[in-house]
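Undergrad: My questions will all concern the structure given below.
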There are 2 protein chains.
Amino acid sequence: MSQRKLRLGAFIMATGHHVAAWRHPGSQVDSGVNIDHYIEVAKTAERGLFDQVFVADTPGVGFHGDEEAFSRQGRVSYFEPVTLWAALSAVTRHIGFVATASTTYEDPFLLARKFASLDHLSKGRAAWNVVTTSADNVHGNFGLDRHPDPASRYEQAHEFIDVAKGLWDSFEDDAFQRDPVSGKYFDPAKLHALSHSGKYFKVAGPLNLERPPQGYPVIVQAGSSEPGRELAAASAEAIFTAWTSLAEAQAFYRDVKGRLAKYGRRPEQLLVLPGISPVIGRTQEEAEAKWAKLQSLIHPSVGLNTLHTFWPDEDLSTWDLDAPPPYIPEPPPGRNSRAHVVLELARRDRLTVRQLYEYLAGARGHWVVVGTPQTIADRMQEWFENGAADGFNVMPPVLPESLEEFVDLVIPELQRRGLFRTAYEGRTLRENLGLERPVNQFSVKGRKVA
Amino acid sequence: MSQRKLRLGAFIMATGHHVAAWRHPGSQVDSGVNIDHYIEVAKTAERGLFDQVFVADTPGVGFHGDEEAFSRQGRVSYFEPVTLWAALSAVTRHIGFVATASTTYEDPFLLARKFASLDHLSKGRAAWNVVTTSADNVHGNFGLDRHPDPASRYEQAHEFIDVAKGLWDSFEDDAFQRDPVSGKYFDPAKLHALSHSGKYFKVAGPLNLERPPQGYPVIVQAGSSEPGRELAAASAEAIFTAWTSLAEAQAFYRDVKGRLAKYGRRPEQLLVLPGISPVIGRTQEEAEAKWAKLQSLIHPSVGLNTLHTFWPDEDLSTWDLDAPPPYIPEPPPGRNSRAHVVLELARRDRLTVRQLYEYLAGARGHWVVVGTPQTIADRMQEWFENGAADGFNVMPPVLPESLEEFVDLVIPELQRRGLFRTAYEGRTLRENLGLERPVNQFSVKGRKVA
């Protein structure tokens, strides 16, 4: 049997994950709307044999009141994920595309359709990162008076995924004959209307698009809260998560894998992919110097703004940057679960305000590893071989520069150790990730025609 | 001054516009989900210096009860338009992309965002064909109990377009400094929240994407009903329409151009583009033979099904194919206005049932011209020079074959006559079409920041 291999995704954030990345000479300053930048990045990731590229998303502008900080951050204007990946599907051949889309603010018919379209356009390389949208400043874009509470958002997400799967199953896999001689194009007995009527959605179907090459796009989940874990256990095939210590990552890995059985699923059907933001030097000194350079580019107002979600009612501009925060709040309920990690760290290590925002600025609470290709590979191998990860979501601090470094320096080191592929194994993202193609629910149940 | 030039769009329908196109050896039988087919077609259209490619769309499966006919038609499974064009934008440089999307069933924030994204991805080559969706079998996909009536659909469309424009104007054109030295990325005073609250929509804004390269995507309208004409006069920059005689086309041209003044617009701000489905032979005989071959591929059940919308309550399978229809109904109110044209034709020329469906099968009531490159160019020139058209929406009966013939045979003839460009003039679709880039409403009015 072949050795178990790392699964690697490249988590692409416009100019890079570091909050000051856009000021760094290794970044593309207008990358949010620069398609040539994304083409370059996707081709680099494909050259590095990554399984997938991934973009996060929120359907709105994240403005929290500090105009000075707002004007200094580079993440206000960027492509819509599914259209972006559709464009890149035409200029790549192997890499998968993970697009984030919200079950709280999108429509299930239109969402199922655009992801099916992306899967056909890419010949089986689409994935959907299911989010319920944690930001509380976008509901107004959709005519709502308030952001729904987490419990109902997650309940709606479960129903939304079921609807999407039902729509993707509209046509059975062998529904199309397309025989010019007989004139039979398809078999209507193999077309099924969903006729869904649930608590949140009423959707007739069928979808006007045949079954995606992968059956369903790969389903991804990215929250580590209690309802997020449950959603992942029920439906996700990969989970993105944020941990900074091996012990925490191991506990999370055990927890989510342990939840699968009750949904009739096996542990290998959900890939756990923690984030890692690697700052790479040919020597440790070079890596440290790179990191220091990046941190020096953080304007204090931007740094303080990263702390805003934890102290929403404070005027942070009055705080002493070189002292610990005057108090550390309990993480508000329903917040993104990264809040717990970050506040615990602040408490444990007595970080100063500047240290805390510098910690967050690196990769918003994700794991930053500053080192050589060897030491970075060591850490990845340690997590991979000790029940903490099935692979990683690699978060380049500066784009395109840091991804190129990872591909040129870390990937060969992982390959040398036999931890990573030397060629793509399959044609679809599912095949590369080692995930099964789901069976059509209608061909199983034999439900009746539209 | 340079001579007035024809504007040409290629109206792409999967296997072609003829209802039996998919059975023809010149078609790509699985083209609805074959990206390589669309890449070929778009590159052919770009080689022919077309202004744009266009796809029609309905968010649902059009099933009207006759399963036999349904199984024999090739238009049940196809890409979602905006994702399709996004993919093609990456492998073309000049051609524009007209995507159809519904103001009745889509969300204004998500629609504005995906079209802005397409315009950025394509560097200014996006257009939106605004439809209110005339099909009455899709409301169930969106949780509605019935399809809204035409009056409210068009009222909603006007409001929807205003909201979309307001969202596209969120950032002023010079909002972004992106200066790494000062650390200023953009000027928040040049970001504007729409705060729209109307009869149909409540949308806060701003959009999380800077102004499209074209200001707004080009706005297209494709209905010729009374409210359709009014919507076009108020907002559209191109109108697709269906006429089969010069006199009718002239009357329509005068009518819509005459409606512009009351909206403060000039006649040249709305391009009138009738459909033409050219069946091309090197001789007239060759063209006629091609047409006869295509018509012979129509299965009677498919032919009768094209008449279903006019006689929805009849069992058409009992009708004598070689006699006129037993009666000709009044076009139902609110139907697609092509119904008026078709029924008038049936009445005037006493067509048999077979002749009527063969007439419709060609291009669903659009103008079919069977002839040589010279005679086809003659007819186009006649309409263009006599107040009936600013250009045409070319509807290839079989794809990719008929488009290749048009590009290889008709385009050179039009160029020889000085009627069509010999190179693209501009970088954006607007520039090629000779349309102005709209001014940002906020930079004019000076509304306040988000």
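Here, each number is a calculation from the coordinates, and none is a lab measurement. All values reported here derive from a predicted model rather than from experimental measurement. Cβ placement follows ideal geometry from the backbone for every residue including glycine, while neighbour counts extend to all protein chains displayed.
Undergrad: Tell me, what is the percent relative contact order of the range B:188-276, built from C-alpha pairs under 8 Å that lie six or more residues apart?
TA: 23 percent.
Undergrad: Other chains' Cβ within 10 Å of B:406-419 residues: what's the mean?
TA: The per-residue average across the peptide is 0.
Undergrad: Could I ask something else about it? Trypsin sites (Lys or Arg not before Pro) within the range A:178-273: which are DSSP loop residues with at most 10 other Cβ atoms inside 10 Å? Could the numbers behind the result be given before it?
TA: Details: sites: A:Arg178, A:Lys184, A:Lys190, A:Lys199, A:Lys202, A:Arg229, A:Arg254, A:Lys257, A:Arg259, A:Lys262, A:Arg265; in loops: A:Lys199, A:Arg259, A:Arg265.
In loop regions of the range A:178-273 (DSSP not H, G, I, E or B), the sparsely surrounded trypsin sites (Lys or Arg not before Pro) are A:Lys199.
Undergrad: Another question, if that's okay. Say a site is exposed when it is one of the GluC sites (Glu not before Pro), sits in a DSSP loop, and has at most 14 other Cβ atoms within 10 Å; what is then the longest site-free stretch of chain A? Before the final figure, lay out the partial values.
TA: Working: sites that count: A:Glu425, A:Glu436.
It runs A:1-424.
Undergrad: Can you work out ³J(HN,Hα) from phi for every residue in the range B:271-280, in order, using Karplus 6.51 cos²θ - 1.76 cosθ + 1.60 and θ = phi - 60°, giving whole Hz and x for Gly and Pro?
TA: Calculated HN-Hα couplings, in order: 8, 9, 10, x, x, 9, 10, x, 10, 9 Hz.
Undergrad: While we're on this one: How crowded by other chains is A:36-42, given as the mean number of beta carbons from other chains within 10 Å of each beta carbon?
TA: Rounded to a whole number, the mean comes out at 1.
Undergrad: Can you work out the base-10 log of I(q)/I(0) for the range B:100-144 at q = 0.20, 0.21, 0.32 1/Å, using the Debye formula on its C-alpha atoms alone?
TA: Cα-only, vacuum Debye calculation for the range B:100-144: -0.68, -0.73, -1.14.
Undergrad: If you don't mind, there's one more thing I want to ask. Rounded to the nearest 5, what % of DSSP beta bridges with both residues in chain B are antiparallel?
TA: The antiparallel fraction comes to roughly 15 percent.
Undergrad: Can you tell me the relative contact order of chain B? Whole percent, Cα pairs under 8 Å, sequence separation 6 or more.
TA: Relative CO of chain B lands at 25 percent.
Undergrad: Oh, and also: Counting Lys and Arg as +1 and Asp and Glu as -1, each charge on the Cβ, what is the dipole of chain A about the Cα centre in debye, to the nearest 20?
TA: Working: 49 positive and 56 negative charges, 323 e Å.
The dipole magnitude comes to about 1540 debye.
Undergrad: Would you list the P(r) distribution for the protein assembly as shown, with all Cα-Cα distances sorted into 10 Å bins from 0 and each bin expressed as a whole %?
TA: Going out from 0 Å in 10 Å bins, the protein assembly as shown shows 2, 12, 22, 24, 19, 12, 6, 2, 0, 0 percent.
Undergrad: So which of B:Lys5/B:Lys262; B:Lys165/B:Lys202; A:Lys114/B:Lys43; A:Lys43/A:Lys123; B:Lys165/B:Lys190 end up more than 19 Å apart by C-alpha?
TA: Pairs exceeding 19 Å: B:Lys5/B:Lys262; A:Lys114/B:Lys43.
Undergrad: Could you tell me the calculated FRET efficiency between B:Arg348 and A:Arg416, based on Cβ-Cβ distance and R0 = 51 angstrom, to the nearest 0.05? Write down the numbers at each step before the final one.
TA: Working: r = 80 Å, r/R0 = 1.56.
After rounding to 0.05, the efficiency reads 0.05.
Undergrad: Right, another one. Picking from A:Ser402, A:Leu435, A:Tyr424, whose Cα lies most toward the positive end of the charge dipole for the range A:396-443 (charges on Cβ: Lys, Arg +1; Asp, Glu -1)?
TA: In the range A:396-443, that residue is A:Leu435.
Undergrad: Sticking with this one: Starting from 0.36 nm per residue, how many nanometres of slack lie between A:Ala261 and A:Ala423 once their C-alpha separation is accounted for?
TA: Values: separation 162, 0.36 × 162 = 58.32 nm, distance 3.26 nm.
Roughly 55.1 nm would be gained on extension.
Undergrad: Here is a further query. Summing +1 for each Lys or Arg and -1 for each Asp or Glu, what net charge is found among the other residues whose Cβ lies under 11 Å from the Cβ of A:Pro400?
TA: Computed value for this residue: -4.
Undergrad: Given that compact globular proteins tend to follow 2.2 N^0.38 Å, what is the ratio of the alpha-carbon Rg of the range A:287-398 to that value? It would help to have the intermediate numbers written out before the result.
TA: Working: Rg = 15.5 Å, N = 112, 2.2 N^0.38 = 13.2 Å.
So the range A:287-398 has a normalised radius of gyration of 1.17.
Undergrad: Still on this structure: Could you work out the Kirkwood radius for the range B:29-132, taking every pair of different alpha carbons, averaging 1/r and inverting it, reported in Å?
TA: One decimal place: 14.7 Å for the Kirkwood radius.
Undergrad: Oh, and also: Taking the 0 to 90 degree range and rounding to the nearest ten, how far is the long axis of helix A:284-296 tilted relative to the main principal axis of chain A, both from C-alpha atoms?
TA: With rounding to tens, the tilt is 90 degrees.
Undergrad: Given axes a ≥ b ≥ c from the Cα gyration tensor, I'd like to know whether the range B:263-316 is rounded (a/c under 1.5), prolate (a/b larger than b/c) or oblate.
TA: oblate
Undergrad: Moving on to the next point. In a GNM of chain B with a 10 Å cut-off on Cα contacts, which of B:Trp22, B:Trp168, B:Trp319 has the highest mean-square fluctuation?
TA: Looking only at B:Trp22, B:Trp168, B:Trp319, the largest GNM fluctuation is found for B:Trp319.
Undergrad: Two-decimal Rg/Rh of chain A from alpha-carbon positions, Kirkwood Rh?
TA: Computed over Cα atoms, the ratio is 0.97.
Undergrad: With a cut-off of 8 Å between alpha carbons and a minimum separation of six or more residues, what is the relative contact order of the range B:1-121 in percent?
TA: Working: 120 pairs, mean separation 35.2, N = 121.
Across the range B:1-121, relative contact order equals 29 percent.
Undergrad: Debye sum, Cα scatterers, the range A:118-222, no solvent: what log₁₀ I/I(0) at q = 0.12, 0.13, 0.15, 0.18 1/Å?
TA: Summing over Cα pairs of the range A:118-222 leads to -0.54, -0.62, -0.77, -0.99.
Undergrad: List every residue whose amide H lies under 5 Å from the amide H of B:Asp136, counting only residues 5 or more places away in sequence or on a different chain, with H placed 1.01 Å from N in the peptide plane.
TA: Residues meeting the amide H criterion: none.
Undergrad: Pull up all non-local amide H partners of A:Ala10: gap of 5 or more, or a different chain, and H-to-H distance under 5 Å with H placed in the peptide plane.
TA: A:Gln52, A:Val53, A:Phe54, A:Val394
Undergrad: Taking amide H positions as placed 1.01 Å from N in the peptide plane, with prolines and chain starts having none, which residues 5 or more places from B:Phe171, or on another chain, fall under 5 Å of its amide H?
TA: It is B:His192, B:Arg211, by chain and number.
Undergrad: Along Cα→Cβ, 7 Å out, is where each label goes; now give me the distance between the ones at A:Ser296 and B:Ala151 in nm to one decimal.
TA: My value for the distance between the label points is 7.0 nm.
Undergrad: Please compute the average number of Cβ atoms from other chains found within 10 Å of each residue's Cβ in peptide A:82-95.
TA: Taking the mean over all residues of the peptide, I get 6.
Undergrad: Between the range B:279-302 and the range A:343-403, what's the alpha-carbon centroid distance in Å?
TA: So the separation of the two Cα centres works out to 66 Å.
Undergrad: 7 Å from Cα along Cα→Cβ at both B:Glu314 and B:Gln250: what's the point-to-point distance in nm?
TA: Those two pseudo-labels are separated by 3.4 nm.
Undergrad: Evaluate the range B:40-89: find the radius of gyration of its Cα atoms, find its Kirkwood radius, and give the ratio Rg to Rh.
TA: 1.10
Undergrad: With only alpha-carbon pairs counted, each pair once and no self-pairs, how large is the Kirkwood hydrodynamic radius of the range B:9-66 in angstroms?
TA: Taking the inverse mean of 1/r over all distinct Cα pairs, the range B:9-66 comes out at 12.7 Å.
Undergrad: Please give the calculated 222 nm ellipticity per residue for chain B, where each DSSP H segment of at least 4 residues contributes -39500 (n - 2.57) and the sum is spread over every residue; nearest 500 deg cm²/dmol? Each step should come with its number before you reach the end.
TA: Numbers: 16 runs with 160 residues, N = 450.
So the calculated ellipticity at 222 nm is -10500 deg cm²/dmol.
Undergrad: More than 15 angstrom separation, counting every C-alpha pair in the range B:179-264; what % is that?
TA: For the range B:179-264, the share of Cα pairs beyond 15 Å comes to 73 percent.
Undergrad: Enter the per residue convex hull volume of the range A:352-411, computed from alpha-carbon coordinates, in Å³ rounded to the nearest integer.
TA: Convex hull volume per residue, Cα atoms: 100 Å³.
Undergrad: Another question, if that's okay. Determine ³J(HN,Hα), in whole Hz, for all residues of the range A:217-227 in sequence, where each value follows from phi through the Karplus function 6.51 cos²θ - 1.76 cosθ + 1.60 and θ = phi - 60°; x replaces Gly and Pro.
TA: Working through the residues one at a time gives x, 4, 9, 10, 9, 10, x, 10, 5, 4, x Hz.
Undergrad: Moving on. Measure nothing fancy, just the Cα-based angle from helix B:338-349's long axis to the longest principal axis of chain B, in degrees from 0 to 90, nearest 10.
TA: Roughly 20 degrees between the two axes.
Undergrad: Take the Cα atoms of the range B:227-314, build their convex hull, and give its volume per residue in Å³.
TA: 144 Å³
Undergrad: In addition: Using bins 10 angstrom wide from zero, how does P(r) for the range A:342-450 break down, in % of all Cα pairs?
TA: Percent of Cα pairs in each bin: 11, 28, 29, 15, 11, 5, 1.
Undergrad: Could you tell me which of A:Gln214, A:Val130, A:Leu144 has its Cα farthest along the dipole of chain A towards the positive end, charges placed at Cβ (Lys, Arg +1; Asp, Glu -1), taken about the Cα centre?
TA: A:Gln214
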